[in-house]
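The values are calculated or read from the model by the stated rules, or taken from the named source; none is laboratory data. The structure presented is a predicted model; accordingly, all values stated were derived computationally and were not measured. Virtual Cβ from ideal backbone geometry, glycine too; neighbours counted across all protein chains shown. With ligands, DNA and RNA removed, areas are computed over all heavy atoms of the protein, side chains included. Shrake-Rupley method; radii C 1.70, N 1.55, O 1.52, S 1.80 Å.
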Amino acid sequence: MKKSPQPRYRRILLKLSGEALGGESGVGINPESFHNMARQIDEVRQLGVQVVVVIGGGNIFRGLQGSERGIERATGDYMGMLATIINSLALQDALEKCGVPTRVQSAISMSQIAEPFIRRRAVRHLEKARVVIFAGGTGNPYFSTDTAAALRANEIGAEIILKATKVDGIYDSDPKKNPKARRYTQITYLEALQKQLKVMDSTAFSLCMDNKMPIIVFELFKPHNLKRVVLGERVGTLVTG
(Lines give C-alpha, C1' and ligand atoms only; values in the text may rest on other atoms or scores of the structure.)
Protein backbone atom coordinates (compact mmCIF):
# COMPACT_ATOMS: atom_id res chain seq x y z
CA MET A 1 0.00 0.00 0.00
CA LYS A 2 1.41 3.36 -1.05
CA LYS A 3 2.19 5.71 1.85
CA SER A 4 0.69 9.18 1.65
CA PRO A 5 3.38 11.89 1.53
CA GLN A 6 4.35 13.42 4.86
CA PRO A 7 4.53 17.18 5.43
CA ARG A 8 8.00 18.68 5.45
CA TYR A 9 7.14 21.24 8.14
CA ARG A 10 5.43 20.80 11.50
CA ARG A 11 4.70 24.47 12.24
CA ILE A 12 4.39 27.19 9.60
CA LEU A 13 3.66 30.90 9.50
CA LEU A 14 1.55 31.94 6.51
CA LYS A 15 1.89 35.61 5.54
CA LEU A 16 -1.05 36.91 3.51
CA SER A 17 -1.10 40.35 1.91
CA GLY A 18 -4.31 42.32 2.21
CA GLU A 19 -4.28 43.03 -1.54
CA ALA A 20 -4.17 39.30 -2.31
CA LEU A 21 -7.37 38.84 -0.30
CA GLY A 22 -9.10 41.73 -2.04
CA GLY A 23 -9.64 39.67 -5.20
CA GLU A 24 -8.67 40.87 -8.67
CA SER A 25 -8.96 44.55 -7.75
CA GLY A 26 -6.98 44.11 -4.51
CA VAL A 27 -9.48 46.37 -2.74
CA GLY A 28 -12.09 45.56 -0.09
CA ILE A 29 -13.22 42.18 1.23
CA ASN A 30 -13.57 39.50 -1.44
CA PRO A 31 -15.45 36.56 0.18
CA GLU A 32 -14.31 34.04 -2.46
CA SER A 33 -10.63 34.90 -1.84
CA PHE A 34 -11.08 34.35 1.90
CA HIS A 35 -12.94 31.05 1.39
CA ASN A 36 -10.31 29.84 -1.09
CA MET A 37 -7.58 30.57 1.46
CA ALA A 38 -9.57 28.93 4.26
CA ARG A 39 -9.90 25.73 2.20
CA GLN A 40 -6.16 25.67 1.53
CA ILE A 41 -5.35 26.22 5.23
CA ASP A 42 -7.76 23.42 6.17
CA GLU A 43 -6.00 21.09 3.71
CA VAL A 44 -2.62 21.50 5.42
CA ARG A 45 -4.14 21.42 8.91
CA GLN A 46 -5.58 17.99 8.07
CA LEU A 47 -2.00 16.82 7.43
CA GLY A 48 -1.24 17.59 11.09
CA VAL A 49 0.59 20.86 10.34
CA GLN A 50 0.26 23.69 12.89
CA VAL A 51 -0.66 26.96 11.13
CA VAL A 52 -0.34 30.57 12.22
CA VAL A 53 -1.38 33.41 9.94
CA VAL A 54 -0.36 37.06 9.71
CA ILE A 55 -2.51 39.23 7.44
CA GLY A 56 -1.84 42.65 5.98
CA GLY A 57 -4.48 45.36 5.64
CA GLY A 58 -3.61 46.93 2.29
CA ASN A 59 -6.99 46.02 0.76
CA ILE A 60 -8.64 48.38 3.27
CA PHE A 61 -6.03 50.95 4.33
CA ARG A 62 -2.27 51.29 4.11
CA GLY A 63 -0.55 53.62 6.60
CA LEU A 64 2.25 54.71 4.28
CA GLN A 65 -0.19 55.73 1.54
CA GLY A 66 -2.25 57.59 4.14
CA SER A 67 0.79 59.59 5.25
CA GLU A 68 1.45 60.55 1.61
CA ARG A 69 -2.05 62.05 1.58
CA GLY A 70 -1.51 64.13 4.68
CA ILE A 71 -2.45 61.75 7.52
CA GLU A 72 0.12 61.76 10.32
CA ARG A 73 2.30 58.64 9.86
CA ALA A 74 1.75 57.03 13.27
CA THR A 75 -2.02 57.60 13.02
CA GLY A 76 -2.05 56.13 9.51
CA ASP A 77 -0.17 53.06 10.72
CA TYR A 78 -2.65 52.50 13.56
CA MET A 79 -5.47 52.75 11.01
CA GLY A 80 -3.66 50.10 8.95
CA MET A 81 -3.42 47.87 12.03
CA LEU A 82 -7.19 48.14 12.50
CA ALA A 83 -7.59 47.06 8.85
CA THR A 84 -5.61 43.87 9.61
CA ILE A 85 -8.04 43.11 12.45
CA ILE A 86 -11.01 43.39 10.04
CA ASN A 87 -9.24 40.98 7.66
CA SER A 88 -8.41 38.60 10.53
CA LEU A 89 -12.06 38.41 11.60
CA ALA A 90 -13.12 37.78 7.98
CA LEU A 91 -10.60 34.92 7.68
CA GLN A 92 -11.65 33.51 11.07
CA ASP A 93 -15.25 33.44 9.84
CA ALA A 94 -14.24 31.68 6.59
CA LEU A 95 -12.14 29.12 8.48
CA GLU A 96 -14.85 28.32 11.00
CA LYS A 97 -17.33 27.82 8.15
CA CYS A 98 -14.91 25.07 7.00
CA GLY A 99 -15.04 23.56 10.50
CA VAL A 100 -11.56 24.81 11.48
CA PRO A 101 -11.23 25.98 15.13
CA THR A 102 -9.56 29.39 15.06
CA ARG A 103 -8.31 32.05 17.48
CA VAL A 104 -7.48 35.67 16.68
CA GLN A 105 -4.77 37.28 18.81
CA SER A 106 -4.32 41.02 18.49
CA ALA A 107 -1.23 43.10 19.25
CA ILE A 108 -3.66 45.97 20.02
CA SER A 109 -5.92 45.44 23.02
CA MET A 110 -9.41 44.61 21.72
CA SER A 111 -10.82 42.19 24.27
CA GLN A 112 -14.38 41.95 22.91
CA ILE A 113 -13.31 40.48 19.57
CA ALA A 114 -9.79 39.05 19.98
CA GLU A 115 -7.41 37.67 22.58
CA PRO A 116 -4.29 39.66 23.42
CA PHE A 117 -1.09 38.27 21.92
CA ILE A 118 0.36 35.90 24.52
CA ARG A 119 3.09 33.66 23.13
CA ARG A 120 2.50 30.68 25.42
CA ARG A 121 -1.25 30.78 24.83
CA ALA A 122 -0.70 30.91 21.06
CA VAL A 123 1.55 27.84 21.23
CA ARG A 124 -1.06 26.02 23.34
CA HIS A 125 -3.74 26.77 20.73
CA LEU A 126 -1.46 25.29 18.06
CA GLU A 127 -0.93 22.15 20.15
CA LYS A 128 -4.73 21.81 20.28
CA ALA A 129 -4.86 21.95 16.44
CA ARG A 130 -6.34 25.44 16.29
CA VAL A 131 -5.29 27.93 13.62
CA VAL A 132 -4.00 31.16 15.20
CA ILE A 133 -4.36 34.46 13.34
CA PHE A 134 -2.10 37.28 14.54
CA ALA A 135 -3.80 40.64 13.98
CA GLY A 136 -2.70 44.24 14.55
CA GLY A 137 0.83 43.88 13.18
CA THR A 138 3.43 44.33 15.92
CA GLY A 139 1.19 46.87 17.69
CA ASN A 140 3.68 49.63 16.81
CA PRO A 141 3.65 52.25 14.05
CA TYR A 142 6.53 52.29 11.54
CA PHE A 143 6.62 48.47 11.41
CA SER A 144 4.99 46.53 8.57
CA THR A 145 3.02 43.29 8.75
CA ASP A 146 6.05 41.65 7.09
CA THR A 147 8.01 42.59 10.22
CA ALA A 148 5.16 41.24 12.36
CA ALA A 149 5.36 37.96 10.41
CA ALA A 150 9.14 37.69 10.91
CA LEU A 151 8.82 38.53 14.61
CA ARG A 152 5.94 36.14 15.36
CA ALA A 153 7.50 33.29 13.33
CA ASN A 154 10.60 33.46 15.52
CA GLU A 155 8.63 33.91 18.74
CA ILE A 156 6.39 30.88 18.30
CA GLY A 157 9.07 28.61 16.82
CA ALA A 158 7.78 28.33 13.24
CA GLU A 159 10.06 26.42 10.90
CA ILE A 160 9.39 28.61 7.87
CA ILE A 161 7.55 31.70 6.63
CA LEU A 162 5.33 31.06 3.61
CA LYS A 163 4.65 34.36 1.89
CA ALA A 164 1.57 34.07 -0.34
CA THR A 165 1.40 36.57 -3.21
CA LYS A 166 -0.18 37.08 -6.63
CA VAL A 167 2.99 35.93 -8.46
CA ASP A 168 4.61 32.50 -8.44
CA GLY A 169 7.90 33.48 -6.79
CA ILE A 170 10.69 36.07 -6.85
CA TYR A 171 11.80 37.46 -10.21
CA ASP A 172 14.85 39.49 -11.24
CA SER A 173 12.44 42.16 -12.57
CA ASP A 174 8.70 42.77 -12.61
CA PRO A 175 7.17 39.87 -14.62
CA LYS A 176 4.11 41.99 -15.43
CA LYS A 177 6.29 44.59 -17.16
CA ASN A 178 9.06 42.35 -18.47
CA PRO A 179 7.97 39.10 -20.19
CA LYS A 180 11.61 37.92 -20.11
CA ALA A 181 11.87 38.28 -16.31
CA ARG A 182 13.62 35.27 -14.76
CA ARG A 183 12.21 33.48 -11.73
CA TYR A 184 14.56 32.25 -9.01
CA THR A 185 13.91 28.80 -7.55
CA GLN A 186 16.29 29.51 -4.67
CA ILE A 187 18.23 32.58 -3.54
CA THR A 188 20.26 33.59 -0.47
CA TYR A 189 19.34 36.46 1.85
CA LEU A 190 22.46 38.37 0.76
CA GLU A 191 21.73 37.96 -2.95
CA ALA A 192 18.18 39.21 -2.43
CA LEU A 193 19.47 42.25 -0.52
CA GLN A 194 22.24 43.04 -3.01
CA LYS A 195 19.85 42.77 -5.98
CA GLN A 196 17.23 44.81 -4.07
CA LEU A 197 14.56 42.21 -4.75
CA LYS A 198 11.30 43.06 -3.01
CA VAL A 199 10.93 39.98 -0.83
CA MET A 200 10.04 41.83 2.37
CA ASP A 201 10.89 45.21 3.81
CA SER A 202 14.43 45.54 5.19
CA THR A 203 13.50 45.25 8.90
CA ALA A 204 11.57 42.01 8.34
CA PHE A 205 14.26 40.63 6.09
CA SER A 206 17.03 41.40 8.61
CA LEU A 207 15.09 39.56 11.32
CA CYS A 208 14.80 36.50 9.09
CA MET A 209 18.46 36.64 8.07
CA ASP A 210 19.76 37.10 11.64
CA ASN A 211 17.65 34.20 12.93
CA LYS A 212 18.09 31.92 9.87
CA MET A 213 14.35 31.83 9.22
CA PRO A 214 13.76 30.51 5.68
CA ILE A 215 11.08 32.12 3.48
CA ILE A 216 9.16 30.65 0.55
CA VAL A 217 7.40 33.11 -1.77
CA PHE A 218 4.65 31.37 -3.73
CA GLU A 219 1.42 32.05 -5.60
CA LEU A 220 -1.71 32.11 -3.47
CA PHE A 221 -4.39 31.42 -6.04
CA LYS A 222 -3.27 28.14 -7.63
CA PRO A 223 -5.42 25.33 -6.19
CA HIS A 224 -3.64 23.20 -3.54
CA ASN A 225 -0.47 25.32 -3.79
CA LEU A 226 -0.14 25.71 -0.02
CA LYS A 227 -0.37 21.93 0.43
CA ARG A 228 2.27 21.40 -2.27
CA VAL A 229 4.66 23.79 -0.49
CA VAL A 230 4.09 22.08 2.87
CA LEU A 231 4.75 18.64 1.32
CA GLY A 232 8.14 19.91 0.13
CA GLU A 233 7.45 20.30 -3.60
CA ARG A 234 9.53 22.89 -5.49
CA VAL A 235 6.94 25.64 -5.58
CA GLY A 236 7.80 29.34 -5.73
CA THR A 237 11.15 30.71 -4.52
CA LEU A 238 13.05 29.64 -1.40
CA VAL A 239 15.07 32.32 0.39
CA THR A 240 17.66 30.84 2.74
CA GLY A 241 21.18 31.27 4.09
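Table for the structure above
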{"read-out": "Proximal lysines to residue 227, defined as alpha-carbon separation beneath 27 angstrom and excluding residues fewer than eight positions away on the same chain", "value": "2, 3, 15, 97, 128, 163, 166, 176, 198, 212"}
{"read-out": "Accessible carbon and sulfur surface of the stretch 38-78 relative to its total accessible area, %, 1.4 Å", "value": "45"}
{"read-out": "Inter-centroid distance (Cα atoms) of the stretch 138-197 relative to the stretch 93-112, Å", "value": "25"}
{"read-out": "The stretch 155-241 - share of DSSP beta bridges that are antiparallel (%, nearest 5)", "value": "40"}
{"read-out": "Carbon + sulfur, % of accessible area of the stretch 136-241 - ligands and nucleic acids excluded, 1.4 Å", "value": "50"}
{"read-out": "Average Cα contact separation per residue, the chain, under 8 Å, 6 or more apart, as relative contact order %", "value": "22"}
{"read-out": "Unit charges on C-beta of K, R, D, E only; dipole of the chain, Debye", "value": "840"}
{"read-out": "Cβ crowding within 10 Å averaged over residues, with 65-71, 231-237 ranked highest first", "value": "231-237, 65-71"}
{"read-out": "Cα lying deepest toward the dipole's positive end in the chain, options 140, 211, 31, charges on Cβ", "value": "211"}
{"read-out": "Antiparallel DSSP beta bridges within the chain, as percent of all bridges there, nearest 5", "value": "15"}
{"read-out": "Percentage relative contact order, the stretch 46-129, counting C-alpha pairs under 8 Å, at least six apart", "value": "24"}
{"read-out": "Spin-label model distance (nm) - residue 198 vs residue 178, 7 Å beyond Cα toward Cβ", "value": "1.4"}
{"read-out": "Only Lys, Arg (+1) and Asp, Glu (-1) charged, at Cβ; the stretch 192-235 dipole about Cα centre in debye", "value": "180"}
{"read-out": "Relative packing of peptides 32-40, 187-195, 135-143 - highest average C-beta neighbours within 10 Å first", "value": "135-143, 32-40, 187-195"}
{"read-out": "Tensor-based shape of the chain (alpha-carbon gyration tensor, a/c under 1.5 rounded, otherwise prolate or oblate)", "value": "rounded"}
{"read-out": "9 Å beta-carbon shell around residue 197, net charge (K/R +1, D/E -1)", "value": "0"}
